[in-house]
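One structure is given below, encoded as structure tokens.
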Amino acid sequence: MDELADGTAVVIDVLRATTTIVTALAAGATRVIPCVGVEEARWLAHERYRGARLGGERGGLTIEGFDFGNSPAEYMAEHIAAKTLVFTTTNGTQALRHCERAKEVLIASFLNVAAVAQQLVDRQVIHLVCAGTDGTITREDVLLAGALVVQLCELRVKDPTLNDEAELAADAWRETRRSVADGQELAYFLRQSRGGQNLAAIGHETDVTAAARVDCHPIVPRYDTVTGEIVIVAGHSVAG
Ligand code: MLT
């Protein structure tokens, strides 16, 4: 999208695409290749990246013939370390591809929120791109966008200029953070979101808990829009 061309895009799909990408890279995947279509993913895994693992979902469920679905827990080091992952999801990988005109594209989840905020400190123009669900905004993505805004405000010497959406996201996060400080779990709020409800309906509640593990993987993945590959640019995987 042209409006992204002036800055850094940060793609957010808490439940679950960006959480799963961060998990796979933290577990030692060499690279993640996001793609929009299932056939494109099959072709890439069989022709261009031979030996690659195939992962993703449609309707929240594992795609026929794929090695993994979209549950972070599936991406353990013994299955994914040193492998290329070709990955397609309903909304998250589309959001990534929509950011192809941006100067730089980073991938955020609650698992790496502080590392991403730190990486953004000296960027002039930042677009937080929430994948949502089928074109509508979802609370879990807004909360993470708000967490990034709040952390950036805390990290920067000068206050950044925020648009109204960023202010609203920050307000939503500050309210949630207060409840978390009072002992309520972040997973509780993610469960109440639209994405959380969708996952509960297909028996994937545990993925919500996995998505709420704040800062457990301090890595920054970047999507190189020329090569089409997502790799770690700051921090490192368990494999080193
Ligand atoms: C997506 O990209 O649409 C999601 O991550 C959906 C899901 O995980 O079920």
Single residue of V142, V233, V208, V220 found to be within 14 Å of the chain's Cα centre (by Cα) and open to solvent by 30 Å² or more (accessible area, probe 1.4 Å): V142
Could you list, in sequence order, the residues of segment 177-191 that are among the charged types (D, E, K, R), surrounded by fewer than 15 Cβ atoms within 10 Å (Cβ to Cβ) and over 15 Å from V208 (Cβ atoms)? R178, D182
Considering only segment 58-91, how many residues are surrounded by fewer than 16 Cβ atoms within 10 Å (Cβ to Cβ) and in contact with a Lys or Arg (Cβ under 6 Å, 6 or more places away or on another chain)? 0
Residue list for segment 215-240, restricted to those being within 21 Å of L148 (Cβ to Cβ) and among the polar types (S, T, N, Q): T225
May I ask you to list the residues in segment 9-52 that are within 16 Å of the ligand (Cβ to nearest atom), of a type outside the set (A, V, I, L, M, F, W, C) and surrounded by fewer than 20 Cβ atoms within 10 Å (Cβ to Cβ)? G37, E40
Taking segment 200-218 and keeping residues more than 12 Å from the ligand (Cβ to nearest atom) and outside any loop (DSSP other than H, G, I, E, B) leaves E205, T206, T209
So H98 fits all but one of (1) open to solvent by 60 Å² or more (accessible area, probe 1.4 Å); (2) within 16 Å of the ligand (Cβ to nearest atom); (3) under 22 Å from P218 (Cβ atoms); (4) not aromatic (F, W, Y); what number is the exception? (3)
For R191, indicate whether it is more than 16 Å from the ligand (Cβ to nearest atom) and either hydroxyl-bearing (S, T, Y) or in a helix (DSSP H, G or I) (or both). no
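The values are calculated or read from the model by the stated rules, or taken from the named source; none is laboratory data. Owing to the predicted nature of the structure, the values given are computational and were not obtained by experimental measurement. Neighbour counts run over all protein chains shown; Cβ positions are idealised from the backbone, glycine included. Surface areas here come from the heavy atoms of the whole protein model, side chains and all, with no ligands, DNA or RNA. Shrake-Rupley method; radii C 1.70, N 1.55, O 1.52, S 1.80 Å.
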